[in-house]
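Step one of this worksheet: look at the structure below.
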Amino acid sequence: MKPPPAPRSRRCLFRLAALGLALLPFLSIEGLLRVNHPEWILAEEDPLLGFTDNHSLFEINPATGFYQIRRPRLRAFAQNGFPSNKGDHTFRIFCLGGSTVQGRPYAVETAFTTWLRLALESAYPKKNFEVINAGGVSYASYRLVPILKECLRHQPDLILVCTGNNEFLEDRSYAFTKKAAPWLAPVLNSLNRSMLIQAALSLGSRWSTPTRPHAMLDPRVDAMLDYERGIERYHRNAAWHASVVKHFEDNIMRMIRACHTQDIPLMLLSPCFNLKDTPPFKSQHQAGHTPEQMKKWHELTEQASRCMSQDPDKASALLQSALQLDKGYAATWYALGKVFLQKGDFTRARQCFTQALEQDVCPLRITAGMRQILRKLADRWDVPFYDLQDMAFQESPLGIVGSEFLVDHVHPSIRGHQLLGSELAQRIQARCLPYPPEAITLQQLQTRFQKHLKSLPDTYFLHGIQRLKNLQAWTQGRADGAPIENHPEIKHGL
């Protein structure tokens, strides 16, 4: 007589247990790799991106013996440099990043790098400080890696890296994620972050014949917003977004490791950004809504818009109902933040503005996840870390960073740059300069700053104001460039 069949629940438990036993070795290895995080896992060279022209950023002028930025690079960088022969009493700092480092919408003369140099010179008048500004307009982390490696050849005493706002500007690579179905996004994200898969790929690259990177970029930044109607190219794509963030993490790791290998001090900076006075650049509805749901959403947001100034309580209730229908529409979060701001509820206003930034389909400001990556890697490698948003927060009366500190979505005002430069000088003194500084009052430092400002011609500030207007049009997708249809990715059907 045959024994009775096992209950269905028992059979399911048996199968799950067998699957768990089969996966246990892989999960154990994954856990060990996450705890130890061996250096060899990350490929030395970027397997995803390369450049069609690897010309250096600096070149020497034989007549002066002075390194300066090469002429072809002046489209993205501001001219400055350093002598080829480093003096005995010289402390050389390279500052790498995007337009925030360069001082846009103005220039290097009022960037935090200049105020940093002036503050250090005031504190140590017998020492020579060279602060080289290597901030490239629209430069993301993957473009900074080769620049950092070049700077390491020029006897730096310290390297500052401030990056995170430009990672989504170029429509680059990751072609497999662009056309992936939305339901695949969590799967691709998990695969991206698996240490075991990274280890397998790294070992495979060491045992195989070296190949070209998956994509080759032009040395000149090809930002989507440089094109007419470029903002139309931005769409919600969680898989591509996750790939960009993972690539950012890998690039920060490469820069840390390059400095660590040569025993050069590095300081990581997370850039500041405008929460209160910068609405999201592009909002997009989440997929899967019925026509009835979309009709109801439009009714709620239109009613909220009409009563926002007269009845903020009603507007708040309407907007929260709209968010119940679609929590991914960035502009709704921003509008709700404005209502809470009007009501004096600054904590909830900041939370809503933060959600608006995180849901922005055109991310031109560093995300919370990327800030966390910088903090995590700095802790792991014992690298000094400074979140510039903390400084901006301290200078914001309502506790929400806005136009009091920045002139647009990410660029500090001249006063903001002065505060950043002064704060960085104090941090560098504490970590990198063992001997005590000379006593200098805040008034003396401000007097020196003011003297430098007065030395600049009026045209310097007029040009900055014009650049700011151009930049505002650029962020709104109104660049005076070629039509977006001419973008190489679109031409090739990606």
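Where a number appears in this text, it was derived from the coordinates with a stated rule and is not lab data. Here the structure is a predicted model, which is why all the values come from computation and not from measurement. Neighbour counts are summed over all protein chains in view; Cβ atoms, including those assigned to glycine, are modelled from backbone coordinates with ideal geometry.
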At a Cα cut-off below 20 Å, give the aspartates and glutamates reachable from LYS126, other chains included and same-chain residues fewer than 8 away excluded.
ASP88, ASP157, GLU438
Once the principal axes of the Cα atoms of region 381-488 are found, what is the range along each, listed largest first in whole angstroms?
58, 42, 33
When region 255-375 is reduced to its Cα atoms, the Kirkwood hydrodynamic radius in Å:
16.1 Å
Among 284-294, 111-121, the order from most to least packed when residues are scored by Cβ within 10 Å on average
111-121, 284-294
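How many times 2.2 N^0.38 Å is the alpha carbon radius of gyration of region 291-358?
Details: Rg = 11.2 Å, N = 68, 2.2 N^0.38 = 10.9 Å.
Cα Rg divided by the expected 2.2 N^0.38 Å: 1.02.
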If you consider only alpha-carbon coordinates, what radius of gyration and Dmax does region 220-309 have, in Å?
20.5, 62
Mind listing the long-range amide H neighbours of LEU217? Cut-off is under 5 Å, sequence gap 5 or more, other chains count too, H placed in the peptide plane at 1.01 Å from N.
GLY50, PHE51, THR52
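Using the Cα centre as the reference, give the magnitude of the dipole from point charges on the C-beta atoms of region 276-419 (Lys, Arg: +1; Asp, Glu: -1; all else neutral), rounded to the nearest 20 debye.
Numbers: 17 positive and 17 negative charges, 31 e Å.
It works out to roughly 140 debye.
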Karplus ³J(HN,Hα) for region 392-398 (6.51 cos²θ - 1.76 cosθ + 1.60, θ = phi - 60°; Hz, whole; x = Gly/Pro) runs 4, 4, 5, 9, 9, x, 8
Place the peptides 342-355, 269-282, 221-234 in order of packing, highest mean first, counting for every residue the other Cβ atoms within 10 Å and averaging per peptide.
269-282, 221-234, 342-355
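Too long at a 20 Å Cα-Cα cut-off: which of LYS282/LYS314; LYS314/LYS338; LYS276/LYS343; LYS295/LYS327; LYS276/LYS296; LYS127/LYS149? Before the final figure, lay out the partial values.
Values: LYS282/LYS314 26 Å; LYS314/LYS338 13 Å; LYS276/LYS343 14 Å; LYS295/LYS327 16 Å; LYS276/LYS296 28 Å; LYS127/LYS149 26 Å.
Correct reply: LYS282/LYS314; LYS276/LYS296; LYS127/LYS149.
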